[in-house]
Amino acid sequence: MALVSVATLRAQTNQFVIETGKPGAAIQSTMYGVFFEDINYAADGGLYAELVKNRSFEFPQNLMGWKTFGGVELRNDGPFERNPHYVRLSNAGHSHKHTGLENEGFFGIGVEEGAEYRFSVWARVPDGGTGAIRVELVDIHSMGERQAFATQNLIVEGAEWKKYQVILKPEVTHPKATLRIFFNARESRSPVDLEHISLFPVDTWRGHENGMRKDIAQALADLHPGVFRFPGGCIVEGTDLETRYNWKNSVGPVENRPLNENRWHYTFAHRFFPDYFQSYGLGFYEYFVLSEEIGAEPVPIVSCGLACQFQNNDPSAHVPVDELWPYVQDAFDLIEFANGSADTEWGRLRAEMGHPDPFGLKYLGVGNEQWGPEYPERLTVFIDAIRKAYPEIKIIGSSGPYNGGEWFEHLWPEMKRLKVDLVDEHYYSPENWFLNNATRYDSYDRKGPKVFAGEFAVHGRGKKWNHFNAALIEAAYMTGLERNADIVHMAAYAPLFAHVEGWQWRPDLIWFDNLDVVTSASYHVQRLYSIYKGTDVLPLTMGGAPVTGADGQNGLYASAVWDAGRGEIIVKVANTSAEPRSLSFDFKGLRRSETISVVRRISLHSDDPDADNTLENPTAVVPVETALTVGGPVVNVELEPATFAIYFFKK
Ligand code: AHR
C-alpha cells in the first residue's frame, strides 16, 4: 500500500478557517427575493387563476380564444367604459339549432374532479323579461358518450346589467377542458347579453375571489422571498410608451381594467403567441397584497419615460425630458396608493379595494434596463421630485442589461452621482462568467449605492434550459453575493415562472402546466439561500483568501453566516469539480469552554449535470438532508463531486 505523506494529506484537505468572533455585515432581510414578470404566461394563464382567455372580448380580434355558433353578435356598448365589447346571444332560428360560444382557456382549461369553479358573468336581457344559458365544462375531443362533465343552468333577469354566478363541480379531472355556453332558446323569449365571462377555482391562494392559483402561489411563498419585484422587466417599458405597464389601469374593478398588449407575444418569432395579452386582472393591488402575504418587501418598478430601447432607437419614441411630469405624477400616485391614508385619492382606492392599512412601500425602481445619457437625464427628474416629496422612499436605478461593457461602465458612475439607493444589475451569462465572477462584488465601492442583482441566471452555452449544472454554478456564484452582503442588499433569479406550453424565455425558476407545478434545481438553490441566509456574515478563508473558485482552490466556493435566530453557524459550499473534496472547518474565536459540531447537512446533487425536474419527474434534483454529529475544534467532512452543500454547526 502506498504511504501518503502528511504534506500530501494537507494539500488534499481544503482547510476552511471561519472567524466566529468577527461577524461581518448584517444580512438584509431583503437579500434573496423574486423577480416577477408576465412573461411565459406567468400572470394570465399562470399565477392569475382566471381560466377564461379574453373574458371581456377586448383582444384586437375580439373573438380570439372563443368559438361562436348560431346567433352570436359582437357589440360594443357594454357597461364597462374601458372594456365596451360583449356578445348578444339570440335564437338560431330553429329549436334544434344552437346558439352559444366556447372558450379554449390558456392551452385548455385545467380542472380537478370534485373541486369547485366559480363561473361568473355580467348579463342582461336587453328587451326585459327572463333569459337562460347553460354553462358546461366539456371535453371537445371526448371519445365517450357525452362531452360535458360539469353543467349548470343560469337564469338572467331584466334589462339591467347584473353579475351572476354559478358553481361548476367537474366529475373528472381534465387538463384541457373547454368552457361551453349554450343560449337556452326555450326559456329565453328574447336575446341575452353576456360580458366579462369568467371562471375561477373557488380555492385560490388565500381564498381571494380575484385570486391566484394556489399551487403556483404556494411555490412562490415557499421560497420565503425577502423582496417581490413587479410587474416585470421589459413589460414595464413597453415596445412603445402606449403599451408600457400602466399601473393605474391595473387597479379598481377588474371588469373595467383595460387590456394591454404583452410584448412577449411577439418578441421572439420562434416562440410566437398571438393570443398573449395582459388583462391586468392581476394588478398592482394584487401584487401588493401578495407581497404582504408572502412576507416580501414590495418593489414596484415604474416607467421612466423610455420605451424599450432594444426596440426603439428613435428618440421620438421616448418622452422628452420636459414633458416627463405625468410619469413622475404616476410614481407619486403609486406611492400614495401604497402608503397614503384612506382619505387621500389613491389611498382611498386601496381602501375601497379591501386594504385600508397602507402597504408600507419602501422601495421604488425607476426604469428597467435603460442605457445611454437619456436614462440619467430622466432619472434625475424622478429623483429630485421623489426625494423632496417622499424622502423615505429608497430609489432603485439601473445599470443596463449586461454584466459589464460600455453601458454598464457609463451608468454605474451616473448612479453614484445621482445617489440612487440601489443599482439594479442584470446578467444572463454563461457558466464561465459565473464561475469566474464570485469575486465580482469584493471590489465594489463600499460608499456608493447598494446592489440589487435584480435579474440573473446561468444561461449555459448551448444549454439554455434548466439543468442541475447551471443551478450548481449559481449556488457557487451566490457565495460571492453572500460574502458581500454589506453591499449586495437584494438578489433575484429571473425569470420566475413559465408555462410548459407557453414559454418564450428559459431557463425559469418555476414551471407549470394547467394542473401541476414543478420547481427547478435553480429554485432549490434560491430557496436554500433564502431560508438559510442567516443574520451576519462570518469571514471564511482558505490559505488566507476567500473561497471563490480561484486557481488552487480545487473548484470550491464557500461562504459562512451566523444565524442569531437559530443559534447556528451556517456554511455553504459548492464543489463545482468532478472530484470529491476533503474539507476541514477550523473555527477561530471560540471561547475555551466552547466546542463545535456539525449537526446536519442539506445538499443538492445529481450525477447527471443535465438533470432537471420536470412535470413527469419533479424530484430528479431535490435537497437531501442528513443528520451529522462530527465535533471538535476542527471538523472534517467529505464533500462529493458536483455538490452544493449547506453545513449547520452548533456550539
Ligand atoms: O427576464 C426577461 C427579460 O430580461 C426582462 O424582461 C428584462 O428586464 C431582461 O432583458
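The values are calculated or read from the model by the stated rules, or taken from the named source; none is laboratory data. Source: prediction; values computed, not measured. So basically every Cβ, Gly included, is an ideal-geometry build from the backbone, and we count neighbours across all protein chains shown. Note: areas computed on protein heavy atoms with side chains; ligands, DNA, RNA excluded. Shrake-Rupley method; radii C 1.70, N 1.55, O 1.52, S 1.80 Å.
In the stretch 436-468, the qualifying residues are those that are in a helix (DSSP H, G or I) and open to solvent by less than 40 Å² (accessible area, probe 1.4 Å), and the one that is nearest to Leu639 (Cα to Cα) is Phe468. Only one of the listed residues (Tyr427, Tyr402) is within 21 Å of the chain's Cα centre (by Cα) and open to solvent by 50 Å² or more (accessible area, probe 1.4 Å). That residue is Tyr402. Which one is farthest from the ligand (Cβ to nearest atom) among residues in the stretch 235-267 that are open to solvent by 30 Å² or more (accessible area, probe 1.4 Å) and in a loop (DSSP other than H, G, I, E, B)? Checking each candidate, the answer is Pro253.
Restricted to the stretch 486-536, and to residues there that are among the charged types (D, E, K, R) and under 29 Å from Thr439 (Cβ atoms), the residue that is nearest to the ligand (Cβ to nearest atom) is Asp508.
For the stretch 598-646, the tally of residues that are touching a strand residue (DSSP E or B) at 6+ places or on another chain (Cβ under 8 Å), assigned to a loop (DSSP other than H, G, I, E, B) and either within 18 Å of Arg506 (Cβ to Cβ) or of a type in the set (Asp, Glu) (or both) stands at 7. Taken over the stretch 330-356, the residue count meeting the criterion of being under 22 Å from Val366 (Cα atoms) and in a loop (DSSP other than H, G, I, E, B) is 1.
For the residues Gln329, Gln311, the requirement of being within 15 Å of the ligand (Cβ to nearest atom) and not basic (Lys, Arg) singles out Gln311.
Quick one: is Ser291 in a helix (DSSP H, G or I), closer than 16 Å to Glu37 by Cα and either of a type in the set (Gly, Ala, Ser) or modelled with pLDDT of 95 or more (or both)? So Ser291 fits the description; yes.
Pro391 falls short of the stated requirement of being under 24 Å from the mean Cα position of the chain (by Cα), without any contact (Cβ under 8 Å) to a residue 40 or more places away in the chain and either open to solvent by less than 30 Å² (accessible area, probe 1.4 Å) or over 16 Å from Tyr327 (Cα atoms) (or both).
Only one of the numbered conditions (1) more than 25 Å from the chain's Cα centre (by Cα); (2) of a type in the set (Val, Ile, Thr); (3) open to solvent by 10 Å² or more (accessible area, probe 1.4 Å) is violated by Ile27, and that is (1).
Tell me whether the stretch 191-211 contains one or more residues that are open to solvent by 10 Å² or more (accessible area, probe 1.4 Å) and within 16 Å of the ligand (Cβ to nearest atom). Taking every residue of the stretch 191-211 in turn, none turns out to be open to solvent by 10 Å² or more (accessible area, probe 1.4 Å) and within 16 Å of the ligand (Cβ to nearest atom). Among residues of the stretch 320-341 that are free of Cβ contacts under 8 Å to residues at least 12 places away in the same chain, those with a beta-carbon under 7 Å from a residue that is assigned to a helix (DSSP H, G or I) and open to solvent by less than 50 Å² (accessible area, probe 1.4 Å) at least six positions away or on a different chain give the pairs Glu336/Trp346; Glu336/Gly347. Can you find a residue that is exposed (fewer than 14 other Cβ atoms within 10 Å of the Cβ) and over 31 Å from the mean Cα position of the chain (by Cα) anywhere in the stretch 612-622? No, the conditions are met nowhere in the stretch 612-622.
Only a single criterion out of (1) within 16 Å of the ligand (Cβ to nearest atom); (2) under 30 Å from Ile395 (Cα atoms); (3) in contact with a helix residue (DSSP H, G or I) (Cβ under 8 Å, 6 or more places away or on another chain) is not satisfied by Arg483, namely (1). Exactly one residue out of Glu369, Glu286, Glu336, Glu297 is within 16 Å of the ligand (Cβ to nearest atom) and out of contact with any Leu (no Cβ under 7 Å at 6 or more places or on another chain): that is Glu369.
Residues in the stretch 75-103 that are among the small types (Gly, Ala, Ser) and in contact with a Leu (Cβ under 7 Å, 6 or more places away or on another chain): Gly100 alone.
Among residues of the stretch 32-53 that are closer than 30 Å to Gly534 by Cβ and touching a residue at least 12 places away in the same chain (Cβ under 8 Å), those with a beta-carbon under 8 Å from a residue that is outside any loop (DSSP other than H, G, I, E, B) and of a type in the set (Asp, Glu) at least six positions away or on a different chain give the pairs Gly33/Glu297; Phe35/Glu455. Output the residues belonging to the stretch 561-576 that are small (Gly, Ala, Ser) and farther than 11 Å from Phe644 by Cα. If the condition is that a residue be small (Gly, Ala, Ser) and farther than 11 Å from Phe644 by Cα, then Ala564, Gly565, Gly567 are the ones that fit.
Restricting Glu286, Glu297 to residues that are under 28 Å from Val121 (Cβ atoms), crowded, with 17+ Cβ neighbours inside 10 Å and either at pLDDT below 95 or within 14 Å of the chain's Cα centre (by Cα) (or both) narrows the list to Glu286. For the stretch 155-168, does any single residue satisfy the condition of being charged (D, E, K, R) and open to solvent by less than 50 Å² (accessible area, probe 1.4 Å)? There is no residue in the stretch 155-168 that is charged (D, E, K, R) and open to solvent by less than 50 Å² (accessible area, probe 1.4 Å).
Somewhere in the stretch 301-309, is a residue in contact with an Asp or Glu (Cβ under 7 Å, 6 or more places away or on another chain), surrounded by 17 or more Cβ atoms within 10 Å (Cβ to Cβ), touching a residue at least 60 places away in the same chain (Cβ under 8 Å) and outside any loop (DSSP other than H, G, I, E, B)? Yes, there is a match, as at least one residue in the stretch 301-309 is in contact with an Asp or Glu (Cβ under 7 Å, 6 or more places away or on another chain), surrounded by 17 or more Cβ atoms within 10 Å (Cβ to Cβ), touching a residue at least 60 places away in the same chain (Cβ under 8 Å) and outside any loop (DSSP other than H, G, I, E, B).
Just one of the listed residues (Ala574, Ala578, Ala550) is touching a residue at least 12 places away in the same chain (Cβ under 8 Å) and within 28 Å of Thr30 (Cα to Cα), and it is Ala574. Taken as a whole, the stretch 383-398 holds no residue that is on the phi > 0 side of the Ramachandran plot, in contact with a helix residue (DSSP H, G or I) (Cβ under 8 Å, 6 or more places away or on another chain) and within 16 Å of the ligand (Cβ to nearest atom).
Can you confirm whether Leu540 is more than 16 Å from the ligand (Cβ to nearest atom), crowded, with 22+ Cβ neighbours inside 10 Å and over 24 Å from Leu422 (Cα atoms)? Answer is yes for this residue.
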